[in-house]
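The values are calculated or read from the model by the stated rules, or taken from the named source; none is laboratory data. No experiment lies behind these values; they were computed from the predicted model shown. Cβ sites come from the backbone with ideal geometry, for glycine too, and all protein chains shown count toward neighbours. To get the accessible areas, we keep the full protein, side chains included, count just its heavy atoms, and leave off ligands, DNA and RNA. Shrake-Rupley method; radii C 1.70, N 1.55, O 1.52, S 1.80 Å.
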Amino acid sequence: MDSKIWIAFGHWYLLVLDVFLILGVYFFFRLPKEMRANSNYWLPFLILCFIFLYNNFAGYTNYNFEFKKAVNAYLGNTEFPKFNLWLYNITRRQIQVVLYLFLVKSWLEPSKRKYINWMIYAFIFLALLLQIFGVELMYLQQPIIYSIGANMILIACGLYFIGMITTDNYLNSNPIRLVSFWATTLLLFDYSITYIYTVSLFYLYQVNPTFGASLGGVVNVINLINTSALLLLIASPYLSKVFDKEPFFKLNY
């Protein structure tokens, strides 16, 4: 095997994501057709597939440096051709934020879902505005856009926990037996812990690349733990002795 391929795609992080995707595909397509059409299952599966795709595409950009260099040059980045921040800015820091907002929205009572809709529209508008006018370039660190997205995720998680202590449907359930509770908690933990690191990523790699790479390994572990919650959401029907159905199961779009 070409050593470059192994270096690009043989990283332990990508290998774990490969296993997650295989398990996700297995559990999802074993579900009855009506369950696969429910957002409790197809939305986590969609996010899992999306995370797998963009991380492996990142591996490809590391394998094909000329391609990465050409994309950077097209975007106007000739100073740092080895970076693929443009990919993570578009995927993890923008599209993935919107997908997670939709996921948390599916667990909220209908009266609170409109707040998530407003946040999604506002985030998309502000992200486009900041990039179109060059306030934050696509190929560089985007602390403003990331901060807006992360704060919206944290607010959405807050709405979930507020609903858990104020809504009868949740008050009558055991939070420990709800996958949504664990998924929201991990999501909250993920975006809280990685907040400072992500905002200072470009600076860290310029000043101390070794330290930045070490912190990146910690962030990868946190991301994998959060991603494992998506797998749990998909597999939850097979774990009925451990988890209960979500209180708003029948109200999801």
Of Val242, Val207, Val16, the one that fluctuates the most in a GNM where the chain has Cα springs shorter than 10 Å: Val207
Segment Tyr115-Trp42, length gained on full extension (0.36 nm per residue, minus Cα span): 24.1 nm
Just to verify a number: FRET efficiency for Val25 and Leu128, C-beta to C-beta distance, R0 = 30 Å, to 0.05? 0.35
Test of understanding: in a Gaussian network model of the chain with alpha carbons linked when under 10 Å, which of Pro32, Pro237, Pro44 would top the mean-square fluctuation ranking? Pro32
Where in segment 140-165 does the label zone of Tyr195 land, with the point 7 angstrom along Cα→C-beta and an amide N cut-off under 20 Å? 141-163
Accessible area per residue for the chain in Å², computed with a 1.4 Å probe and the full protein assembly in place, what is it? 50
Sort Asp190, Asp244 from largest to smallest accessible area, using a 1.4 Å probe on the heavy atoms of the protein chains. Asp244, Asp190
For Lys241, counting only lysines whose alpha-carbon sits under 23 Å away and dropping same-chain residues fewer than eight positions off, the answer is Lys33, Lys250
Give me the dipole magnitude in Debye, nearest 20, for the chain about the Cα centre, with unit charges on the beta carbon: positive for Lys and Arg, negative for Asp and Glu. 400
Could you work out the relative contact order of the chain? I mean the mean sequence separation of Cα pairs under 8 Å and 6+ apart, divided by the number of residues, in percent. 26
Using alpha-carbon pairs under 8 Å, 6+ residues apart, how would you state the relative contact order of segment 14-138 in percent? 20
Ordered by number, the trypsin sites (Lys or Arg not before Pro) in segment 20-83 that occupy a DSSP loop and have at most 15 other Cβ atoms within 10 Å are Lys82
When the helices in the chain are scored as -39500 (n - 2.57) per DSSP H run of 4 or longer and the sum is shared across all residues, what 222 nm value do you end up with, to the nearest 500 deg cm²/dmol? -24000 deg cm²/dmol
When the accessible area of the chain is computed with all protein chains present and a 1.4 Å probe, what percentage of it is carbon and sulfur? 70
Going residue by residue through segment 70-84, the Karplus relation 6.51 cos²θ - 1.76 cosθ + 1.60 with θ = phi - 60° gives ³J(HN,Hα) values, rounded to whole Hz and with x marking Gly or Pro, of 5, 5, 4, 5, 4, 7, x, 9, 10, 7, 10, x, 7, 8, 10
By accessible area of protein heavy atoms, probe 1.4 Å, what ranking do Leu14, Leu171 get, highest first? Leu171, Leu14
